[in-house]
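Here the structure is laid out as structure tokens; the discussion comes afterwards.
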Amino acid sequence: MNDFGRQWETVRADAVRVFDAVGRSGWYILGERVRRFEAALGAFWGLPEAVGVASGLDAIEIALRAAGLRPGDRVLTTPLSAFATTLAIVRAGGVPVFCDTDASGLIDLNEARSALRAMPGIRYFVPVHLYGFPIDARGIRSLIEEFDLRCIEDCAQSIGATEAGQATGLTGVAAATSFYPTKNLGAMGDGGAVLTADVGLAAQVRVLRDYGQSAKYRHSEIGWNSRLDEVHAALLEEVFWPRLAAWTERRGQIAARYLGRWQSERVRPVAAPDSCSSGWRPSWHLFPVRVAAEHKQSLIGWLRARGIFTGEHYPVLIPDQEAMRGVSSACFGPLENARGLATEELSLPIHPFMTDEEVDSVADHVARWRPE
Ligand SMILES: Cc1ncc(COP(=O)(O)O)c(C=O)c1O
């Protein structure tokens, strides 16, 4: 699914130089390198404030707290995502309310509207740009306006994606992203960031990430230890950042190659959302396909026997996870589309180091597969 060996060969000289520079600087946490990376990230995203934190999970959790979430507040979100999305809501004290996705795996904004009408008083919304597919920003905005929502967009998978010419994450009060190594902009360890146009919210995130410390040894909040390391910030800024555009471009080429060569009737790429505009450009964090649930294991096994590893994003809906037993939450409706994707979705390899021959070989093996 990824090839960190090839990645390391590509970045090695730069990474070693950066590591050496940080080592020699003698400053390892929340220093000049973090400030520089935050400035570059904000400028890229078109937002004045970017605040580095320790993970994507923390970015969502801290953003929710900084946005005013209080224990017991309900948060509308999707049942189909990394567990971290809901974990952040629960850890922040929120009560997740799950509503269905559309056939593309993105939260269904019509369902979201119905849920918000049926359950008045929900003030927080966490949509996820899943697979790197951008959600229709106008649709999110109209919900925010109609229901006066505080929206934190989960952009962990969507860095580099655009919709109607705009990056994801510009519609809500803040965006959260992750630098987990497999992400499109991945560090060599954990990291994340909160991005926002709200200077007050950014200031609050800065306080919360550092023990709730508003001035040295003055603690105004019960905060976190969620600081971005200098070495990760420096690697992100100097090693991975300059390659992101080319790597995103390559992911797009691979997706186009898969789609152009697609022959299988039994396995279908997950459809783009109906609402998508002509300027809809996924980051292609993943390349999700669908296969009949009863045959999924057969396809996984067939590909694995040919040296092709796949992923499942995500096979168990969040409200069905064991950890959610006894946790206060609610589902709006039977979540039919999300359940369908949970049983049928499979992610094919898509990473910038794949050669055209490898892409063709994956597509051809998928086409040759027959259910046992
Ligand atoms: C959609 C989504 N949200 C949140 C996260 C959490 O990010 P992290 O692993 O950096 O905590 C991830 C990554 O796993 C993710 O894919």
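One table, with the values for the structure above:
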quantity	calculated
Residues being among the aliphatic types (A, V, I, L, M), farther than 25 Å from G72 by Cα and in a strand (DSSP E or B) - total across the stretch 328-348	2
Hits in the stretch 82-99 (condition: under 20 Å from S158 (Cα atoms) and open to solvent by 10 Å² or more (accessible area, probe 1.4 Å))	A82, F83, A84, L87
Checking A59 against (1) part of a loop (DSSP other than H, G, I, E, B); (2) within 16 Å of the ligand (Cβ to nearest atom), the condition it does not meet	(1)
Residue check for G42: small (G, A, S), in a loop (DSSP other than H, G, I, E, B) and away from the ligand (no atom under 16 Å from the Cβ)	no
In the stretch 213-272, the residues that are of a type in the set (K, R) and farther than 20 Å from L286 by Cα	K216, R218, R227
The stretch 78-101 - residue that is of a type in the set (V, I, T) and under 14 Å from the mean Cα position of the chain (by Cα) and, of those, farthest from I122 (Cα to Cα)	T85
Qualifying residue in the stretch 176-187 (condition: open to solvent by 10 Å² or more (accessible area, probe 1.4 Å), of a type in the set (F, W, Y) and away from the ligand (no atom under 12 Å from the Cβ))	no
Filter result (over 19 Å from the mean Cα position of the chain (by Cα) and surrounded by 20 or more Cβ atoms within 10 Å (Cβ to Cβ)) within the stretch 239-253	V239
Qualifying residue in the stretch 187-202 (condition: touching a Lys or Arg at 6+ places or on another chain (Cβ under 8 Å), in a loop (DSSP other than H, G, I, E, B) and among the small types (G, A, S))	no
Candidate set from the stretch 254-268 (those that are in contact (Cβ under 8 Å) with a residue 60 or more places away in the chain and assigned to a helix (DSSP H, G or I)); member that is surrounded by the most Cβ atoms within 10 Å (Cβ to Cβ)	I254
Residue tally, condition open to solvent by 10 Å² or more (accessible area, probe 1.4 Å), assigned to a loop (DSSP other than H, G, I, E, B) and of a type outside the set (G, A, S), over the stretch 287-327	12
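The values are calculated or read from the model by the stated rules, or taken from the named source; none is laboratory data. Everything numeric here is computed off the predicted structure, so don't read it as measured data. Methodologically, a virtual Cβ is constructed for each residue, glycine included, from the backbone with ideal geometry; neighbour enumeration extends over all protein chains shown. Protein only, heavy atoms only, side chains kept; ligands, DNA and RNA dropped before computing areas. Shrake-Rupley method; radii C 1.70, N 1.55, O 1.52, S 1.80 Å.
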